[in-house]
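My structure is below; once you've seen it, I'll send some questions.
Values quoted throughout were computed directly from the atomic coordinates according to the rules given, and no laboratory measurement underlies them. Please read these numbers as outputs of a predicted model, since none were measured by experiment. Glycine gets a Cβ as well: all are built from the backbone with ideal geometry, and neighbour counts include every protein chain shown.
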Amino acid sequence: MIGVITITTLVQQNNGSTEDSRRGQIIDAAIDTIAELGYVGTTLAQIAARGGVSAPLISHYFHDKNGLMEAVFRKLVQRVARGVVVRQGRAQTPRAQIQAVIDANLAPEEFDSRTGIAWLAFWGQVIHIPQFRRIQVVYQSRILSNLRHALRPLVPAHEVPETAAMIAAMIDGVWLRATLSDWSETNSDSARLMVSHQVDMTLAAAQGKMQILQRATGQVQKNFINGGFVNAVGGETFETRNPATGVVLSIVEIAGAPEIEQAVAAARAGQRIWARMTGAQRGRVLNEAARLLRAKNGELAMLETLDTGKPIQETSVVDVASGADCLEYFAGIASGLAGEQVDLGPAAFGYTRREPLGIVAGIGAWNYPLQIACWKAAPALACGNAMIFKPAEMTPLTALRLAEIFKEAGLPDGVFNVVQGFAATGRMLTQHPGIHKISLTGEVGTGRAVMADAAASLKHVTLELGGKSPLLVFEDADLDNAVSGALLANFYSAGEVCSNGTRVFVHEQVRAEFLRRLKLRTEAMRVGDPLDPATQVGALISPAHMNKVLSYIEAGKAEGAALVTGGARAMAGALAQGCFVEPTIFADCHDEMKIVREEIFGPVMCVLSFRDEDEVVARANATRFGLSAGVFTQDLTRAHRVIANLEAGTCWINHFNVTPIELPFGGVKQSGLGRENGKAAIEHYTQIKSVYVALEKIDAPY
Ligand code: NDP
C-alpha cells in the first residue's frame, strides 16, 4: 500500500508529534468527507481513502466512527474556545470581553462552507449521541459563563443570566441562519456587526438601570427637601438592608427637627405656587410623573424588591404600575375639581369652593413603599396640597426616587418632600402645628398614637390600618376559583398585605375538597430569591418580623390547629441568609385561637369551617378589625346579602385583594378612617369654603 501509513510503521516511528499530525490529518479528512457526503453517508473507509491512511489506523486512534466524530466535534469546539481565550487576553474592558466571545464564534473561519456543514451535521446528531451531547453542553455553558462574567459589571445582577442567554442565542441564531441560507443572509463581518449592535443597545438600557441602582443604594441617602437632597444637621443615620440576603443596601440620614422645619417651610412656599396653578396644569405634571414611573418600571421594581424582599414577579407588574395608575387617575380628576353654585332666591346666591387643606404629611408602611407614597401623593397633590412624606424606616429608598421623578415631571420645589427616620420623625410631623393633615398607613396602635398627636392641633387624619379579614367560601362556590382567591388573599407579598383574608371560612360540605386543592397548589408555590422572575414567595421584611411570624406559627401548633402544609422557616441553600417562611396553612382552627384573632402579616392562612350563613357572618364580624372581606358563591342574591352584612370597608365577590384605583379603599371599625383612591379620596384632601353673595342692599334692623 504505497502512500498509506500502517500501524506497524506508526509504531516504529513512535513519535508523539507525528501522532498528533496524523490525528489532525484524519480529522481534517473526516471534516472534508462530512462536508461532501453528510454525517450519515460518511464511512471510515471513505475517510481513510481521503486522508491517505488505513482504516485500521483510524480504528487504532479513534476506535469507531462515533469516536472519530467525537474528536472532530471536539476540534471544532476547541478552535472556538481558543479563539475566545486569545481575544479575551487582549480585551481591556468587560464590553471588549463580550466582543471577544462574539468575534470568536462568528469568526471568518466559522463561516466557510466546509466548517459550517460539519457543525450542522454534529448539531443534527447531538440529541441522539450522548458523547456529542456532553461536548455541546460544555460548549454552550462555556459561552454562557464567559458572557456572564463579562456582563456582571454592566447589567443588574438579576438580569445577567437572561442577558447572557440572549447574547448566546443571537450568536448561534445569526450563524445558523447564515449557514442555512448558504451565506446569502450574512457573512462574518455583518453578523458580528449585527450582534454587537444589539448588545450595545441592551447594555445602554441596562446602564440607565445600573446608574439608578448605584445612586439609590451605593451611597448615603439624604432627605429630599425643597426640590433637592439636603445634608441632615444632626448627622444621625440608619441602615436599610435587603431582607433576602441581610446585605446593607444603603445608609440613610435621619431627619431631625431642623429638617422638619425646613420641609414645612418649603412645603408652605411650594404649596402657594402649586395651589394657584389650574387643575389641568397640576394634572399635566402628575401625568408626566406617571409616564416617568412607567418608563423606569424596571429599575424601580428592582429597587423595591431589594428593599422589601418581595418577588420581582410582583413589583414589576403591581407596585410601580399601581402608583402610576393612581397618579393618572387623580391627574384626570384635578381639572374637574369644583365647588357648586347654590341658588338662594332673588336677593342672593351662594357658591362653594373646594380648596386644598395645605400641607399633608404622608406616613408610610413598609409593605408597599412606592405604591403607598403614590396613593397618598396623587390625591393630595391633585387637590393642590403639598406633601411631606415619611417612608417606613425599613423601606426608605423608592420614595426618594419618586421625589426625583416629581421634580423631573415639573412639580414646583417644596411640593413633595421626603423625610427619613423612625417613629420620632413621624411624631414631629403629627405634632407640627404647620401641618394640616396626616395620612398614615400602619398598625392600629400607630393609628391611635397618630390620631392622639394630631388631636392637639385638630389635624385631619386618614388612617389605613391593619386587619384580620374574613374570606367566606360557600358550598356552591367554584372551588378552584375560591382556592385562587384564598391564595391571593394570603400569600401575595408573602402575606404582608393589610387587606389579606387570613380567616378563611369554608362551608363544611366542601371543606375537605377545598383543603385538598389548596394544599396541592400551595405546595407548588416557589419560595426563592426575590430577584428570580420565577419566584412567587419572597422574603419577609426583617429578621424580627420573621421571628414574630414564626412565633405565631408555633402558637398555632400549640393551640392545636392542624398544620396542613408549611410551618417553618425556609432554609434551603441561600435562603438561610434571608427572612423566608414557608407558605403555611392551618386547618381545624377555632375563633378564639391567637392565630385567628391577631394580625400575623406573614404567609399564614387559617381555615375554619361553618354550617350556615348567619353563623358565618356573625363569626366573620366578631373582630375589632374591619378592613376587608370576600365572599365566594355562585348565588348572586346571597353574595350581595352577605356583603351587605359584613363589617368591612373594602369587599370582593368571587375575588380577593384586587384594588383598582377607581374604587375607594379603606377600613371600618379599628381598621381605619377615611378612604384612599376613587372620588371619595377628594373629600379627604380638600375642604369646602362656602360663599354667600348678596345681590340686594342689606336690610339691617339697626
Ligand atoms: P407601623 O405602624 O409600625 O409604621 C407605619 C409608619 O408609621 C412607619 O413609617 C413608622 O415609622 C411610623 N410611625 C410609627 N409610630 C409612629 C408614631 N407614633 N407617630 C408617627 N409615625 C409613627 O406599620 P408597619 O410599617 O409595621 O406596617 C405594617 C402595618 O401596616 C400592618 O398592621 C398593616 O396591616 C398596616 N397596613 C395597612 C394598610 C391599609 O391600607 N390599611 C396597607 C399596608 C399596611 P418607622 O417604621 O420608620 O419607625
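Restricting to strands (runs of 3 or more DSSP E) lying wholly in the stretch 281-382: which have 2 or more residues that are buried (at least 24 other Cβ atoms within 10 Å of the Cβ)? Even if it seems obvious, please write down each step before you answer.
Numbers: elements: 341-343, 348-356, 359-363.
Here the list reads 359-363.
Looking at residue 378 and the list (1) in contact with a Ser or Thr (Cβ under 9 Å, 6 or more places away or on another chain); (2) under 21 Å from residue 316 (Cβ atoms), which single condition is not satisfied?
(1)
Okay, moving on. For a quick check of your reading: which helices (runs of 4 or more DSSP H) sit entirely within the stretch 590-685 and have at least 3 residues that are among the acidic types (Asp, Glu) and touching a helix residue (DSSP H, G or I) at 6+ places or on another chain (Cβ under 8 Å)? Full working, then the answer.
Numbers: elements: 594-597, 613-621, 636-645, 680-685.
Where helices (runs of 4 or more DSSP H) fall fully within the stretch 590-685, none carries at least 3 residues being among the acidic types (Asp, Glu) and touching a helix residue (DSSP H, G or I) at 6+ places or on another chain (Cβ under 8 Å).
Out of the residues in the stretch 444-468 that are under 21 Å from residue 627 (Cβ atoms), out of contact with any helix residue (DSSP H, G or I) (no Cβ under 6 Å at 6 or more places or on another chain) and outside any helix (DSSP H, G or I), state the one that is nearest to the ligand (Cβ to nearest atom).
464
Out of the residues in the stretch 353-405 that are of a type in the set (Asp, Glu) and under 19 Å from residue 331 (Cα atoms), state the one that is farthest from the ligand (Cβ to nearest atom). Give the steps one after another, and end with the answer.
Initially, the stretch 353-405 is screened for residues of a type in the set (Asp, Glu), giving 355, 393, 404.
Next, only the ones that are under 19 Å from residue 331 (Cα atoms) stay: 355, 404.
On the way: 355: 26, 404: 20 Å.
So, considering only residues that are of a type in the set (Asp, Glu) and under 19 Å from residue 331 (Cα atoms), the one farthest from the ligand (Cβ to nearest atom) is 355.
Quick one: would you say residue 627 is within 26 Å of the chain's Cα centre (by Cα), surrounded by fewer than 22 Cβ atoms within 10 Å (Cβ to Cβ) and within 16 Å of the ligand (Cβ to nearest atom)? Give the derivation first.
Values: within 26 Å of the chain's Cα centre (by Cα): yes; surrounded by fewer than 22 Cβ atoms within 10 Å (Cβ to Cβ): no; within 16 Å of the ligand (Cβ to nearest atom): yes.
In short, no.
Among the listed residues 520, 608, 540, 515, which satisfies the condition of being closer than 28 Å to residue 659 by Cβ and within 16 Å of the ligand (Cβ to nearest atom)? Before the answer, list the steps.
Numbers: 520 fails: within 16 Å of the ligand (Cβ to nearest atom); 608 fails: within 16 Å of the ligand (Cβ to nearest atom); 515 fails: within 16 Å of the ligand (Cβ to nearest atom).
The conditions single out 540.
I would also like to ask the following. Picking from 555, 618, which residue would you name as being more than 24 Å from residue 524 (Cβ to Cβ) and touching a residue at least 12 places away in the same chain (Cβ under 8 Å)?
Working: 618 fails: touching a residue at least 12 places away in the same chain (Cβ under 8 Å).
Exactly one of 555, 618 is more than 24 Å from residue 524 (Cβ to Cβ) and touching a residue at least 12 places away in the same chain (Cβ under 8 Å), namely 555.
Can you name the residue in the stretch 469-495 that is within 14 Å of the ligand (Cβ to nearest atom) and buried (at least 24 other Cβ atoms within 10 Å of the Cβ) and, of all such residues, is farthest from residue 586 (Cα to Cα)? Give the steps one after another, and end with the answer.
Here is the first cut: in the stretch 469-495, the residues within 14 Å of the ligand (Cβ to nearest atom) are 469, 489-490, 492-495.
Then drop every residue that is not buried (at least 24 other Cβ atoms within 10 Å of the Cβ), which leaves 469, 489-490, 493-494.
Working: 469: 16, 489: 15, 490: 12, 493: 19, 494: 16 Å.
If we take residues in the stretch 469-495 being within 14 Å of the ligand (Cβ to nearest atom) and buried (at least 24 other Cβ atoms within 10 Å of the Cβ), then 493 is farthest from residue 586 (Cα to Cα).
Any idea which residue in the stretch 412-431 is nearest to residue 281 (Cα to Cα), counting only those that are more than 11 Å from the ligand (Cβ to nearest atom) and over 27 Å from the mean Cα position of the chain (by Cα)?
As a first pass, look at the stretch 412-431 and keep what is more than 11 Å from the ligand (Cβ to nearest atom): 412-418.
With over 27 Å from the mean Cα position of the chain (by Cα) added as a condition, the list becomes 412-415.
Working: 412: 12, 413: 15, 414: 17, 415: 14 Å.
The qualifying residue nearest to residue 281 (Cα to Cα) is 412.
How about the stretch 646-702: which of its residues are more than 14 Å from the ligand (Cβ to nearest atom) and hydroxyl-bearing (Ser, Thr, Tyr)?
685, 686, 690, 692, 702
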